[in-house]
Amino acid sequence: MNPHLETLPSDFLYHIGYNKEDAKKLFGDVKFVVMGGSSKRMESFAVKIAKAINHPQTEPKDLDMTKTDRFCFYKIGPVISVNHGMGVPSITILLHEIFKLLHYAEAVDPVIIRMGTCGGLGLPAGTLVISDKTVNGYVEEKHETIILGKIVQRPAVMSKPLADEILKAQTDATFITTLGTTMCTDDFYEGQGRIDGACCDYTKEEQIAYLKELHQKGVSNIEMEATALASLCNKAGFKCAIVCVTLLNRLEGDQVDIPPDVYASYQERPQNLVCDYIRGKLAGN
Ligand code: R2B
Ligand code: URA
């Protein structure tokens, strides 16, 4: 999509540490790029998917292709597992470099999947939400950013067929898995209407009224990357999906204070579903 790239004699993807020449040699077979906020989670996903697809190596050190201290990077056959950090700026940097890597590698129709955590609206903690829609802080299906000093709005549309396909891969009925509208914010505290940040200029009543309004408008969950991912994928022509587990019901509170073992089990849920989906696709289903 960027005509300037053709004029570059070489291209170093600074935050992931690969260059144009590495791309074709190492990444031409990539079919799935799976990303999530934390590097630890993406290491455990690398091991999980390696076992699921019977990859000859299942030890993290044998799958690890990390080149920088910004983003971890694992390759497991046709799957890349990479962390994106927290928030729109971090995932945006990663997406530019991953898209160029896939482009230079001439990877064929790779799919981008984000696995994450979120706050739910009217859903019990532990629910999986597969985004069939993403909205910004104005509850519009758009991503807004500033380019050359001007506000630019881009569509942030998810692939409904892909979301449906991932939903169909779910076999664990011990918790709710649902399609939903995901709201993306630029902050965890005031940006998500919390009253437990370091500062807050609204009342508890105003907070509750706002969260109820979002719920009424059809928002299922709130996180911090969705519209950036959707809009850049729309722009660059990649299909993407987002699978997030709710850590709490925001209509009931702000604090994420679940016990570590419960937190660990919730984190497994998106990973297991994405693993099952990818295994099925690679098996030709
Ligand atoms: C979900 O969780 C993180 C904030 O705690 C953020 O990356 C997100 O989208
Ligand atoms: N991540 C978020 O962005 N918000 C929450 O409430 C929980 C996790």
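The values are calculated or read from the model by the stated rules, or taken from the named source; none is laboratory data. From a predicted model like this one, the values you see are computed outputs, not experimental measurements. Cβ: placed from backbone, ideal geometry, glycine included. Neighbour counts: every protein chain shown.
Would you say Gly180 is within 25 Å of Ile258 (Cα to Cα), touching a Phe, Trp or Tyr at 6+ places or on another chain (Cβ under 6 Å) and modelled with pLDDT of 95 or more? Taking the combined requirement at face value, the residue does not satisfy it. Among the residues of region 95-123, the one identified as farther than 20 Å from Gly237 by Cα and surrounded by fewer than 21 Cβ atoms within 10 Å (Cβ to Cβ) is Gly122. Scanning region 173-201 for residues that are farther than 18 Å from Asn249 by Cα, over 16 Å from the mean Cα position of the chain (by Cα) and within 16 Å of ligand 2 (Cβ to nearest atom) yields one hit, Cys200.
Would you be able to tell me the number of residues in region 227-243 that are polar (S, T, N, Q) and within 16 Å of ligand 2 (Cβ to nearest atom)? Before you say what the answer is, go through the steps one by one.
Looking only at region 227-243, we keep the residues that are polar (S, T, N, Q), and these are 227, 231, 234.
Narrowing the set further to residues that are within 16 Å of ligand 2 (Cβ to nearest atom) leaves 227.
The number of residues fulfilling the criteria is 1.
From the list Leu247, Leu251, Leu282, Leu229, pick out the single residue that is over 17 Å from the mean Cα position of the chain (by Cα) and either closer than 28 Å to Thr203 by Cα or within 16 Å of ligand 1 (Cβ to nearest atom) (or both). Walk me through how you get there before you give the answer.
On the way: Leu247 fails: over 17 Å from the mean Cα position of the chain (by Cα); Leu282 fails: either closer than 28 Å to Thr203 by Cα or within 16 Å of ligand 1 (Cβ to nearest atom) (or both); Leu229 fails: over 17 Å from the mean Cα position of the chain (by Cα).
Exactly one residue qualifies, and that residue is Leu251.
Elements of the type helices (runs of 4 or more DSSP H) sitting completely within region 1-94 and holding at least 3 residues that are crowded, with 18+ Cβ neighbours inside 10 Å: these cover 20-27, 39-52. A count restricted to region 48-95 and to residues that are more than 18 Å from Ile112 (Cα to Cα) and hydroxyl-bearing (Ser, Thr, Tyr) stands at 3. If you take the residues in region 121-146 that are of a type in the set (Ser, Thr, Tyr) and within 14 Å of ligand 1 (Cβ to nearest atom), which one is farthest from Pro89 (Cα to Cα)? Across region 121-146, the extreme among qualifying residues is Ser131.
In region 267-285, the residue that is farthest from Thr171 (Cα to Cα) out of those that are of a type in the set (S, T, N, Q) and assigned to a helix (DSSP H, G or I) is Gln267.
Residues are listed down the side, and each one gets a yes or a no for (1) within 16 Å of ligand 1 (Cβ to nearest atom); (2) touching a residue at least 40 places away in the same chain (Cβ under 8 Å); (3) over 21 Å from His96 (Cβ atoms):
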position	(1), (2), (3)
Ile113	yes, yes, no
Gly119	yes, yes, yes
Leu148	no, no, no
Lys168	no, no, yes
Ala173	no, no, yes
Thr181	yes, yes, yes
Cys200	no, no, yes
Glu206	no, no, yes
Glu213	no, no, yes
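Gly126 satisfies every condition listed in (1) closer than 17 Å to Glu223 by Cβ; (2) more than 18 Å from the chain's Cα centre (by Cα); (3) surrounded by fewer than 21 Cβ atoms within 10 Å (Cβ to Cβ) except (2).
Against the test of being modelled with pLDDT of 95 or more, touching a Gly at 6+ places or on another chain (Cβ under 7 Å) and more than 17 Å from Val88 (Cα to Cα), the options Leu214, Leu251 yield a single qualifying residue, Leu251. For region 202-226, the tally of residues that are within 12 Å of ligand 2 (Cβ to nearest atom) and out of contact with any strand residue (DSSP E or B) (no Cβ under 6 Å at 6 or more places or on another chain) stands at 3.
Among residues of region 14-39 that are more than 24 Å from Ala283 (Cβ to Cβ) and at pLDDT below 95, those with a beta-carbon under 6 Å from a residue that is of a type outside the set (D, E, K, R) and crowded, with 17+ Cβ neighbours inside 10 Å at least six positions away or on a different chain give the pairs Lys24/Ala105.
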